[in-house]
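Here's the structure, in structure tokens; my notes come after.
The values are calculated or read from the model by the stated rules, or taken from the named source; none is laboratory data. Bear in mind that the values here come from a model prediction, so they are computed numbers and not experimental data. Counting neighbours? That spans all protein chains shown, and the Cβs are built from the backbone with ideal geometry, glycine included.
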Amino acid sequence: MKRRCLLVFGLLFGYAATAQQVNDSSKIKSMNEAMITAWQNEDITRLSAEHNGFLLAGKKNEVVQLAHTNANVALKNGRQLFAKAPGVFVYDMDGSGNQLNIATRGLDPHRSWEFNIRQNGIIINSDMYGYPASHYSAPMESYEKIELIRGTAALQYGAQFGGMLNYCTKKPDSTKLFSFENNSTIGSYNLKSTYNAISGTYKKFSYYAYYYFRYSNGYRRNSNSTANAQFLQLNYQFTPKISLHAAVGRSIYLYQSPGPLNDSMFHRDPTMSVRDRNYFSPEIYVPSITLNWDLKKHTKMVFTTSGVFGNRSSVQFDAFATVHDSGNNRQVDIDKFNSKTIEFRLLQEYKLGSIQNKLATGIVYMNNDLHRQQLGVGNHSNEYDLSLTTPGFGRDMHFKTQNIAWFIENAFHISKKFTISAGARFESGNSKMDGVIKYYTVHPLPNMIAHQFGLLGLSSQYILNETNTLYCGISQSYRPVLFKDIVPASTFEQIDNNLKDAFGYNLELGMRGTYKNRLKYDVSCFRLQYNNRMGTLVLQDSLAQYYTFKTNIGNSLTQGIELFLQYKFPILPQWHAGIFTSTSFMDAHYTAGQVAVGTENKSMVGNKVESVPQWISRNGIEMLYKKFSFTLMHSYTSASYSDALNTETPSKNGAKGLVPAYSLWDANAQFQTKSSFSVRFGISNIFNKQYFTKRPAFYPGPGIWSSDGRNVYLTIGFKL
């Protein structure tokens with residue numbers, strides 16, 4: 001047996017096993033230990049064909065194993081966390097460490113709102129139909145892994161174009177009644193954070209809870225940020241087949257917003273601020289109860305009931321960078337979220353003749369009420385203060401949605417190697433808007449939007465051998481008309497009473513696997529069709545007066561390639577090295593439509609879709625020695641446009657213009673002892689590149705938002 005183990009591990013790393021080594025048991029033991037350390041601690045993995053009741057055969061996915069990832073976890077550095085997930089575009093918006101803003105395949109990265117975002121399978125989008133942004137911001141130290149599933153699996157979990165992003169918290173310690181974990185970080189810009197968790201198991205009962213606090217002055221002046229979060233999960237295993245999980249999470253942060261810049265300001269000093277009394281603060285609660293029940297040997301059931309409650313509040317002087325803050329009254333805006341979800345899923349294994357099948361089906365009910373209060377007249381203070389000097393809000397509205405969705409997908413295992421999955425999703429519901437817009441009394445607003453959809457999908461995979469798989473799939477998707485899409489900005493704007501939800505599909509074809517146990521790869525091509533995009537046209541009324549008209553303005557198509565390659569090899573005894581590339585090419589352009597420019601409408605057919613870099617490439621070198629690992633990574637993001645007309649010359653206020661390409665270097669290292677003591681250290685943006693990732697069209701304000709310069713951090717952790 002020892003000879004076989006040595007031969008296998010020797011071939012794996014290219015070593016020649018001599019007869020002397022075979023007879024030396026101490027060498028066999030040390031080699032096995034080194035090999036296991038080097039190869040089993042993978043930082044990027046794939047989900048199995050069936051995972052937590054979801055069927056994933058033929059779907060592209062990545063799992064980021066955070067414990068083995070060399071990344072700035074304390075500041076949620078997106079390009080490092082998703083370094084090996086090709087095509088992930090990271091949008092730096094409102095301060096490092098607050099929230100992740102990411103997208104794939106040419107979609108909008110604002111608060112990751114093109115994804116169905118979950119924590120432990122529980123939906124945490126603030127309001128799936130009113131404002132599906134992610135305002136819940138738990139510490140990355142609390143998570144064990146991040147599961148990213150592209151949009152071709154959308155029929156089972158939701159109809160989002162982007163796919164599903166599932167954050168999985170750490171599990172309770174199963175070996176002790178009580179254990180304690182701490183991770184404390186210090187870093188540039190006066191960063192201080194601490195994560196403290198307790199967990200344990202007693203007979204059938206287990207628990208996990210944490211408290212988190214972080215403070216930072218921020219890279220720019222007037223960009224202070226304070227955050228804290230708490231979480232409690234209680235688990236009870238009634239029988240080996242029945243378990244109940246109850247959890248509640250809370251996150252809150254206060255971010256002082258330094259305001260947008262124009263190009264001349266950015267080039268003069270990217271750390272400068274044009275606002276010193278703008279603030280943004282979301283406070284979100286996510287309670288949930290989950291029942292897992294293995295009814296029979298081949299039948300599994302999952303039932304969840306959950307909610308997202310809380311608010312996102314801001315007080316600010318809202319204007320372009322070129323408009324000076326004269327100290328007048330600030331604007332107060334408050335969104336109050338009240339989203340409730342009930343989800344039931346069933347997984348059944350059965351035989352149809354000689355064909356083995358897996359059937360996943362379920363039903364989801366959502367009841368959401370988004371209460372939006374905007375244009376409140378605030379005070380003149382420089383502090384965070386939501387008090388009003390004039391009673392009432394300029395806009396005080398409710399956006400209520402009731403929606404029920406039923407899904408079904410069946411995996412036909414034609415043979416041990418070949419699987420075909422076919423599925424459907426049916427959605428039925430409506431959103432109703434009511435309330436008051438003080439300045440808008442002439443034209444009727446859309447007060448009800450129906451969501452009636454039938455979506456289809458098909459995927460397949462073929463296992464070439466034990467380590468290589470072909471996969472392909474297509475799935476229809478849609479995105480509902482959002483609250484912001486139907487609120488007129490002024491009396492000169494009208495809303496189309498027949499707005500249509502965005503509709504389209506994801507198509508992908510790929511191959512993944514390993515070669516000779518050293519090369520790991522996943523290469524795919526995709527096509528994403530996105531119809532009924534929202535926008536604004538300019539029209540004339542019966543008196544020849546111009547007005548803007550919000551409606552569906554056109555369609556877009558994004559095609560591309562996503563490539564991941566990783567090669568690991570030994571260099572010295574107990575020393576191992578690796579190189580990787582995670583690269584995507586995207587061609588995103590409009591295939592139909594026009595958009596308002598002044599008093600006319602211009603065609604945007606053939607134009608590039610805004611905020612879609614053609615190339616995103618992250619490439620790295622990794623070193624591993626026993627419990628020490630080091631990663632040096634270079635990231636490149638090509639230029640992109642900020643508007644559908646592809647304006648290249650920047651406007652005076654910085655709201656439009658080209659977003660230049662940028663290249664960044666990051667270095668991260670970690671060391672962990674057998675006694676559960678760990679150290680993480682890193683330098684982000686080593687050469688202090690001055691760059692920005694996007695010119696937003698709305699929050700946090702049109703213009704340039706500088707991304708962080710050089711950033712150094714040190715994290716010390718231990719577990720008792």
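Descriptive notes on the structure:
- Of all residues in the stretch 317-374 being small (Gly, Ala, Ser) and assigned to a strand (DSSP E or B), the one that is farthest from PRO260 (Cα to Cα): ALA360
- Condition met for ASN166 (closer than 30 Å to ILE474 by Cβ, modelled with pLDDT of 95 or more and either buried (at least 22 other Cβ atoms within 10 Å of the Cβ) or among the aliphatic types (A, V, I, L, M) (or both)): yes
- Of all residues in the stretch 609-621, those that are in a strand (DSSP E or B) and surrounded by fewer than 20 Cβ atoms within 10 Å (Cβ to Cβ) total 4.
- Condition met for SER354 (of a type outside the set (Lys, Arg) and without any contact (Cβ under 8 Å) to a residue 60 or more places away in the chain): yes
Conditions tested, residue by residue: (1) surrounded by fewer than 21 Cβ atoms within 10 Å (Cβ to Cβ); (2) of a type in the set (Gly, Ala, Ser); (3) assigned by TED's automatic domain parsing to the domain that holds HIS324; (4) within 17 Å of TYR384 (Cβ to Cβ).
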residue	(1), (2), (3), (4)
ALA227	no, yes, yes, yes
LEU232	yes, no, yes, no
ASN235	yes, no, yes, no
SER243	yes, yes, yes, no
PRO258	no, no, yes, yes
MET272	yes, no, yes, no
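- Filter result for LYS674 (among the basic types (Lys, Arg), at pLDDT below 95 and in a loop (DSSP other than H, G, I, E, B)): yes
- Selection count where residues are more than 28 Å from the chain's Cα centre (by Cα), part of a strand (DSSP E or B) and within 30 Å of LEU624 (Cβ to Cβ), scope the stretch 569-606: 7
- Of the listed requirements (1) more than 26 Å from the chain's Cα centre (by Cα); (2) assigned to a strand (DSSP E or B), HIS451 misses just one: (1).
- Checklist (1) in contact (Cβ under 8 Å) with a residue 24 or more places away in the chain; (2) within 24 Å of ASN190 (Cβ to Cβ); (3) within 11 Å of the chain's Cα centre (by Cα) applied to ASN101, failing item: (1)
- Qualifying residue in the stretch 398-412 (condition: part of a loop (DSSP other than H, G, I, E, B), surrounded by fewer than 18 Cβ atoms within 10 Å (Cβ to Cβ) and touching a residue at least 40 places away in the same chain (Cβ under 8 Å)): no
- Qualifying residues in the stretch 445-497 (those that are of a type in the set (Ser, Thr, Tyr) and under 30 Å from ILE334 (Cα atoms)) - the one surrounded by the most Cβ atoms within 10 Å (Cβ to Cβ): TYR478
- Any hit, the stretch 274-281, residues being among the acidic types (Asp, Glu), at pLDDT below 95 and more than 23 Å from the chain's Cα centre (by Cα): no
- The residue of the stretch 304-326 that is surrounded by the most Cβ atoms within 10 Å (Cβ to Cβ), among those that are of a type outside the set (Gly, Ala, Ser) and under 24 Å from the mean Cα position of the chain (by Cα), is VAL308.
- Unique residue being in contact with a Gly (Cβ under 6 Å, 6 or more places away or on another chain) and either assigned by TED's automatic domain parsing to the domain that holds ALA103 or of a type in the set (Ser, Thr, Tyr) (or both) when the list is GLY158, GLY130, GLY121, GLY151: GLY151
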